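What follows is a single structure, written as C-alpha cells, with notes after it.
The values are calculated or read from the model by the stated rules, or taken from the named source; none is laboratory data. Given the structure is predicted, the values throughout are model-derived calculations rather than measurements. Reconstructed Cβ throughout: ideal geometry from the backbone, glycine too, with neighbour counts over all protein chains shown.
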Amino acid sequence: MNPQRRRTLKSITQIMGLVSFGGLIWSAYLAEAKDNTQMLFPPAARDNFLSTCIKCGLCVEACPYYTLKLSSSGIKGIPFFTPRDIPCFMCEDVPCVVACPTSALDKNLLLTNNKLDITKARMGVAVVDTFNCIAYAGIQCDACYRACPLIDKAIYLEYKSNTRTGKHALLLPIVANDICTGCGKCEKACVTEIASIKVLKHDQVLGKMGTNYIKGWDKKDEERLETAEPQKKKDSKNHALDYLNEESL
Amino acid sequence: MKNYYIKNRFLILRRFTQLGILLLFFLSNCSLITINNKEHLIFQGNLESFTKNERNLAIANTKTELIAPPILMGNLSGSKILDFLPMSDPLVFLQVFFAGGAISLDLFLGFLVIVFIYGIFLGRGFCAFVCPINLITDLANFLRRKLKIENIRFVVFSRQTKFAILALSLFLSFLFGILAWESISPISMLHRGVVFGMGMGFFGILAVFLFDLFMLKNGFCGHLCPLGATYSIIGAKSLLKVQYDLDKCTKCMNCVRICPENQVLDLIGKHSGFVNKIACIKCGRCIEACDDDALHFNLLNFKTKKEKK
Ligand code: SF4
Ligand code: SF4
C-alpha cells in the first residue's frame, strides 16, 4: 500500500471515530435540552417552534415592553417571557410577530379577515390555584380579573355564597380556557406572595374529553348523536378464552 | 509608524469590520426608557437595575430606539439591514430545512443574499472579516507566538473533520427537529451574547480559546467549525483570490508560518498562480507577512483576462 493512501485511510477512520464520539455526546445533549417546552413563547409561536426559530432575537428587539428575553437554559437563545416579571401587553399591531423573519412566529395564526388579531394568540392558559387564591379564602380581590385585557371574556367572576359565614359572597375568578391568550397580565397583577394564578403551556393544563362524550341539552353537540356510529366493543372471543393459558394478561 | 499601518492594513480592516458589525448589532438593541421623567439607557434589554422591592419600575414604560431605524438588527443568525434587507446564516438556513421547520420568504431571501455576496466575491471571507470568534482564535494564536508554544499540539486530526461535523449537524437537525449546531455553536453564543447578554455562553467561548491555545493551533476554525466549512463550499468559485508570484518569492516561508489554513499555500516555492483551495479565509495575513511583494489579492477573472491579451 502506498503511504499516501495509507494516510488518507487513516485520516478517514480518524474522522469517523471522532465524529461518532462527538455525535453521541451531542445527541445526548440535544435530547436532554428540552427545558424550553415549558417556556412561554411569544404570541403566534407555531407548533414546530423549536425547529423554525433561528434565535435572531428580532422579536426581542421589536417588543416595546422588554417582555421577551432569549433563553439561557435548555436550548439557548429561544425567545420566551416570564409574566410575573413582564407580561405580554398584547399589542394590537403585534410588532414581535411582524418582525420575525422566519415565520417561527406565524402571522397566519392571528389573521381574522386578513387583519392581525392578537386575541387569537395562545401563548398559554391561566390556571387559578384555588387553594392559595385569596378570593377563595373569602377575601375580596379581583386584581387578576381587572388586569385581564379580555375582562369578562377570558376571565370572569363567579358568585358563590360563603358557606363559612352564611351571609357573604365569594367572588371567584374563573378562566375561560378557550379564550385566554396566556398574556400573563393576571399573573403579574396577582397580590399573593407567589402568584396564585399562573400561565402554563396548554399541554400542561388542558385535558381532552374524547368524542365519546356529548354535552347534554346542547343542541349543537347533540347533533353529533344523529351521525354517530354505534361502537361495538370488539372483544376477540379466542383471546378471552386463551389468555389464561397464554399468560398474555 | 505609517509603515505599521500599511503592513497591517488587512488586519486593521478586519478588526474594523468585525468590531463594527458587533457594535451595530449591539446598538440596535440599545434603547431609552423614561421613568419618572428621567431617561435611562438600556442595553441588552436588561432592566434589572430598575427592580425595587420586587417591583419592576420599568414595566409598561415603552422604550424608544436609540437609533431608528437601526442599521443592523438581530444578530449573525438572522439580521436585517435598515429594517429592510434580510440576511441569514446559510448554515442556519440548512438546519431549519433539515429540522423540518418552515422556510419563510425572508429566510430564503437572506440566504440568497449571503450566497450571492460570498459565492461571487468573498468566498470564505466571512471567517476573517465578520465572524467574531476570529477575534478569540487570533488572540490564542497571538499568545501562542508570544509564549513560544506555537508548534505544541495535544491532539491531531484532519482539517476535513469540519465537513464531517457539517454533515453531522444537518443529520442531527433532521433527527431531533431542532437546529443542532445552533444549539451549541460558540459563534452564536458570542454574537448573541454581545447583543442580548452573555450568560453561560461565556464558557463555550472560553473553551474555544483554551482549545486553540493549548490543544491544537487553529483547532476550532481550521479543523472543527461547520460554518467555515459551509462558507468554503459556498465560496468555492468566488472571484477574490490570493495570487502568488514565484519570481519575486525568496522562499522565506513567512506566509506559510502566519497562515491559519496553511495547507492552502502549497504552491509557495513551486509555481506562480492563484490560491485556489476553498479553505482560504481571505484574511490577507500572507500578503502582509510577505516582505518581497510576492502575494496579492486579486479578482481572479479580471486579471487572467488581462494576462491573456
Ligand atoms: S405582543 Fe407586544 S408585548 Fe406581547 S410580546 Fe409581542 S411585542 Fe411584546
Ligand atoms: S424573531 Fe422569530 S426567529 Fe427570531 S428569535 Fe424571534 S421567534 Fe425566533
So how many residues does the stretch A:50-65 have that are over 16 Å from B:F97 (Cβ atoms) and either more than 6 Å from ligand 2 (Cβ to nearest atom) or among the β-branched types (V, I, T) (or both)?
6
Can you tell me which of A:A99, A:A45 is at the interface with chain B (Cβ under 9 Å from one of its Cβ atoms), aliphatic (A, V, I, L, M) and touching a residue at least 24 places away in the same chain (Cβ under 8 Å)?
A:A99
Regarding the stretch A:134-146, can at least one residue be identified that is under 21 Å from A:L40 (Cα atoms), within 14 Å of chain B (Cβ to nearest Cβ) and more than 16 Å from ligand 2 (Cβ to nearest atom)?
no
Scan A:K107, A:K76 and give me the residue that is charged (D, E, K, R), within 15 Å of ligand 1 (Cβ to nearest atom) and closer than 19 Å to B:G78 by Cβ.
A:K107
Condition (residue is within 15 Å of ligand 2 (Cβ to nearest atom) and within 22 Å of B:F43 (Cα to Cα)) applied to the stretch A:80-87: is it met by at least one residue?
yes
Return the pairs, sorted by first residue and then second, in which the second residue is part of a helix (DSSP H, G or I) and at pLDDT 85 or above, the first residue lies in the stretch B:207-229 and is polar (S, T, N, Q), the beta carbons are less than 7 Å apart, and the residues are 6+ apart or on different chains.
B:N218/B:T137
Note on B:I152: of the conditions (1) within 14 Å of chain A (Cβ to nearest Cβ); (2) over 21 Å from the mean Cα position of the chain (by Cα), unmet is (1)
Counting just the residues of the stretch A:54-63 that are more than 14 Å from ligand 1 (Cβ to nearest atom) and under 26 Å from B:I33 (Cβ atoms), which one comes out surrounded by the most Cβ atoms within 10 Å (Cβ to Cβ)?
A:C56
Name the single residue that is nearest to the other protein chains (Cβ to nearest Cβ) among those in the stretch A:79-93 being surrounded by 24 or more Cβ atoms within 10 Å (Cβ to Cβ) and in a loop (DSSP other than H, G, I, E, B).
A:P87
Being modelled with pLDDT of 90 or more, part of a helix (DSSP H, G or I) and of a type in the set (K, R): is that true of A:R146 here?
yes
Conditions (1) crowded, with 17+ Cβ neighbours inside 10 Å; (2) outside any helix (DSSP H, G or I): number failed by B:Q18
(2)
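Table: residues versus (1) surrounded by fewer than 24 Cβ atoms within 10 Å (Cβ to Cβ); (2) part of a helix (DSSP H, G or I); (3) away from chain A (no Cβ under 11 Å).
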| site | (1), (2), (3) |
| --- | --- |
| B:R192 | no, yes, no |
| B:M198 | yes, no, no |
| B:L206 | yes, yes, yes |
| B:L210 | yes, yes, yes |
| B:G228 | no, yes, yes |
| B:Y231 | no, yes, yes |
| B:T250 | yes, no, yes |
Which numbered condition A:L68 misses (of (1) more than 9 Å from chain B (Cβ to nearest Cβ); (2) within 10 Å of ligand 1 (Cβ to nearest atom); (3) of a type outside the set (V, I, T))
(1)
